[in-house]
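To start, the structure itself, in C-alpha cells.
The values are calculated or read from the model by the stated rules, or taken from the named source; none is laboratory data. Here the structure is a predicted model, which means the values were calculated and not measured. A quick note on method: Cβ atoms are made from the backbone with ideal geometry, for glycine too, and the neighbour counts reach across all protein chains shown.
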Amino acid sequence: MSEKTLTPVVPSVSVPTNRLSSDQGTTTIADTVVSKIAGIATRDVSGVHAVGGGAARAVGALRERIPGGRTNHTQGVSVEVGETQAAVDLDIIAEYGVAIDDLASAVRRNVISSVERMTGLQVTEVNISVNDIHLPEDDEDDDAARPARVL
C-alpha cells in the first residue's frame, strides 16, 4: 500500500480589501470628516480637559463666545487620509491626577474605533502630544479674571 500525500484544499474567498470602493463606485472621505470624528472621540474620553494647544484653544474660546459661534471639533487634531488608511495626531490637555499612559491608551482606543467604524478607513497610528495638565485652581483663576455680567 503506497502512501499518498494529500494537499489540503483551501476554498478561495474573495474578501474586499477596501470597503470604500466597489464595482459600483468609490467613496472619498475628506480630511475634515476624519478630523471631526477624531476630535469628538478624543473629547469623549474622561480625563481629557481640552484638545489643542494654547493658541488654538484661545482662538476656539473666542469663537465660542461670539453669538452664533460653534465649537471647532477639529481644533488640536491633524490627520493624513489616504485611500484606505488614516493617521491621526492629537494635542491634548489632561486633567490633573489622571494617569497619562492610561489616558493615552483610552484616547487611542476611542479614536481608532470611532474612525474605523464610521469611515471604514484603517487607522494606522494615533500620535498624542500632552501639552499641559489642567489644575482645579486654573478654573478659579479664570473666574476671577472674567468681569461680572450685568443682567
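Please indicate, with yes or no, whether at least one residue in segment 91-100 is within 15 Å of G76 (Cα to Cα) and in a helix (DSSP H, G or I). Looking through segment 91-100, none of the residues is within 15 Å of G76 (Cα to Cα) and in a helix (DSSP H, G or I). In the set A55, A61, A86, A50, only one residue is at pLDDT 95 or above and either over 17 Å from the mean Cα position of the chain (by Cα) or buried (at least 18 other Cβ atoms within 10 Å of the Cβ) (or both); that residue is A86.
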